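Peer 1: My questions all concern the structure below.
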Amino acid sequence: VQLQASGGGLVQTGGSLRLSCAASGRTFNAYGMGWFRQAPGKEREFVAAISRSGGSTDYAESVNGRFTISRDNTKNTVYLQMNSLKPEDTAVYYCAARTMDGIVTSGRWYKYWGQGTQVTVSS
């Protein structure tokens, strides 16, 4: 599967963005999906994950209550709605796919990765 992330940009503190990740192929609902981010000089970190059906989700503590992950299997797309953005959310955001179901927060278990989209939150 190929993943194409979009929707990043520059936003002020407290603002919102919605990231999208479009997947190629016919079996999008066979993949568990996740969002990760990497800030300059820092390691990549887990942001959110969603199961194949969308029935289960999980979030990093730092974004819980502000970010929402969702998916539309008819459009082969996963979303990350980001509200109440903070400067510390500034990073390149990556979507990723894994072939097994369930919620996984470690990037090592994701086989496919998108190219990343930059999110910058100004103070």
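Peer 1: Across segment 11-62, what fraction of all alpha-carbon pairs, as a whole percent, falls in each successive 5 Å bin from zero upward?
Peer 2: Whole-percent P(r) values from 0 Å outward: 4, 14, 19, 25, 20, 10, 6, 1.
Peer 1: Turning to a different aspect of this structure: Work out, step by step, the length gained on full extension between Ser122 and Thr27: first 0.36 nm times the residue separation, then minus their alpha carbon distance; give nm to one decimal.
Peer 2: 30.4 nm
Peer 1: Something else: So, by mean Cβ neighbours within 10 angstrom, what's the order for 74-83, 49-58 with the highest one leading?
Peer 2: Highest to lowest by the protection proxy: 74-83, 49-58.
Peer 1: Gain in length, Ala60 to Glu88, computed as 0.36 nm per residue apart minus the alpha-carbon separation, to one decimal in nm?
Peer 2: Once the chain is fully extended between Ala60 and Glu88, it gains 8.7 nm.
Peer 1: Separate question: Between segment 1-62 and segment 99-118, how far is it from one alpha carbon centroid to the other, in angstrom?
Peer 2: Centre-to-centre (Cα) distance: 9 Å.
Peer 1: Right, another one. Rg over Rh of the chain, using C-alpha atoms and the Kirkwood radius, what does it come to?
Peer 2: Rg/Rh for the chain comes to 0.94.
Peer 1: In whole Hz, what ³J(HN,Hα) sequence does segment 85-91 give by Karplus (6.51, -1.76, 1.60; θ = phi - 60°), x for Gly and Pro?
Peer 2: For segment 85-91, the Karplus curve yields 5, 10, x, 6, 7, 4, 4 Hz.
Peer 1: May I pose another question? Once you place label points 7 Å from the Cα toward the Cβ at Trp109 and Ser53, how far apart are they in nm?
Peer 2: Taking the simple label geometry, Trp109 and Ser53 are separated by 1.8 nm.
Peer 1: Antiparallel DSSP bridges in the chain: what percent, to the nearest 5?
Peer 2: 90
Peer 1: Round to a whole number: what % of the accessible area of segment 38-111 belongs to carbon and sulfur, probe 1.4 Å?
Peer 2: 44
Peer 1: Please get the size of the charge dipole for the chain, origin at its Cα centre, with Cβ charges of +1 on Lys and Arg and -1 on Asp and Glu, quoted in debye to the nearest 20.
Peer 2: 300
Peer 1: Excluding ligands, DNA and RNA, what is the solvent-accessible area per residue of segment 1-98 at a probe of 1.4 Å, expressed in Å²?
Peer 2: Roughly 49 Å² per residue, with all protein chains present.
Peer 1: Apply the Debye scattering formula to segment 41-100, with a single equal point scatterer on each alpha-carbon and no solvent, then give log10 I(q)/I(0) at q = 0.16, 0.19, 0.25, 0.27 Å⁻¹.
Peer 2: Results for segment 41-100 at q = 0.16, 0.19, 0.25, 0.27 Å⁻¹ read -0.54, -0.75, -1.21, -1.35.
The values are calculated or read from the model by the stated rules, or taken from the named source; none is laboratory data. Please read all numbers here as calculations on a predicted model, not as lab measurements. Cβ: placed from backbone, ideal geometry, glycine included. Neighbour counts: every protein chain shown. What goes into the accessible areas is simple: the full protein's heavy atoms, side chains included, and nothing from ligands, DNA or RNA. Shrake-Rupley method; radii C 1.70, N 1.55, O 1.52, S 1.80 Å.
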